[in-house]
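Novice: If you scroll down you'll find the structure; I have some questions about it.
The values are calculated or read from the model by the stated rules, or taken from the named source; none is laboratory data. If you're wondering where the values come from, they're calculated on a predicted model, not measured in any experiment. Cβ sites come from the backbone with ideal geometry, for glycine too, and all protein chains shown count toward neighbours.
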Amino acid sequence: MRQLTAARPLQPIDVNPSQRTAVIAYVALGANLGDAAQTLRDALHSLAHAPGLRLLTASSLYRTAPIDSSGPDYINAVAEVTTTLSAPDLLTALQAIENGAGRERPYRNAPRTLDLDLLLYGSARIDSPALTVPHPRMWERAFVLMPLREIAPALVTDEMLNAVSGQAIQRV
């Protein structure tokens, strides 16, 4: 009898997310390889149809130069979702969408086909080896704050935007 083994460790999944109270979460989307704008539209479609997720709204698309990285300009957006998934399971779902878009991680800040970052998960503060929420650098990035302010203005103050005013960003 042949024994099957998993190619990679399986991630724990919440066995009954339908009984979990829905949480509002914000997800940053970015890409700078291939047709980045279409990749983001496809990712939004995937978010809208993923089990345990419902896409509430998405920002416009924005173009920014890479930060701490190289390669072509990025196309960025932020999505607001409601989810019954736990934060770790939401991260797993986001990584599955990235992998479906051909995401590779050859080195830190490498150019990418798709990057999905969990910015906020309700009011939760999470600090684990696998996940930090709020995202640790979100307040330093115009490509997060501008689209986030577009869809959730109460979350981004003028002072926050002033702190990133030197970062070029353009709505596309």
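Novice: Filter the stretch 33-42 for residues that are surrounded by 14 or more Cβ atoms within 10 Å (Cβ to Cβ) and part of a helix (DSSP H, G or I); which is nearest to the chain's Cα centre (by Cα)? Even if it seems obvious, please write down each step before you answer.
Specialist: Of the residues in the stretch 33-42, the ones surrounded by 14 or more Cβ atoms within 10 Å (Cβ to Cβ) are 33-34, 36-37, 39-42.
Remaining after also requiring part of a helix (DSSP H, G or I): 36-37, 39-42.
Details: ALA36: 14, ALA37: 15, THR39: 13, LEU40: 10, ARG41: 13, ASP42: 13 Å.
The residue in question is LEU40.
Novice: So how many residues does the stretch 122-152 have that are more than 19 Å from TYR74 (Cβ to Cβ) and over 15 Å from the mean Cα position of the chain (by Cα)?
Specialist: Looking only at that region, the number is 8.
Novice: Restricting the search to the stretch 29-76, which residues are among the polar types (S, T, N, Q), in contact with a Pro (Cβ under 7 Å, 6 or more places away or on another chain) and within 15 Å of LEU119 (Cβ to Cβ)?
Specialist: The answer is SER59, ASN76.
Novice: Something else now. Name the pairs: first residue in the stretch 131-154 and in contact (Cβ under 8 Å) with a residue 24 or more places away in the chain and among the small types (Gly, Ala, Ser), second residue surrounded by 22 or more Cβ atoms within 10 Å (Cβ to Cβ) and outside any helix (DSSP H, G or I), Cβ to Cβ under 7 Å, at least 6 apart or on different chains?
Specialist: Every condition considered, the pairs that remain are ALA152/TYR26.
Novice: Applying the selection to the stretch 43-68, what residues are among the polar types (S, T, N, Q) and either surrounded by 14 or more Cβ atoms within 10 Å (Cβ to Cβ) or touching a Gly at 6+ places or on another chain (Cβ under 6 Å) (or both)?
Specialist: Narrowing the stretch 43-68 to residues among the polar types (S, T, N, Q): 46, 57, 59-60, 64.
The answer is SER46, SER59, THR64.
Novice: Return yes when ARG41 is over 24 Å from GLU140 (Cβ atoms), at pLDDT below 95 and out of contact with any strand residue (DSSP E or B) (no Cβ under 7 Å at 6 or more places or on another chain) and no when it is not. So that I can check it myself, show each step before the final result.
Specialist: Values: over 24 Å from GLU140 (Cβ atoms): yes; at pLDDT below 95: no; out of contact with any strand residue (DSSP E or B) (no Cβ under 7 Å at 6 or more places or on another chain): yes.
It is false that ARG41 is over 24 Å from GLU140 (Cβ atoms), at pLDDT below 95 and out of contact with any strand residue (DSSP E or B) (no Cβ under 7 Å at 6 or more places or on another chain).
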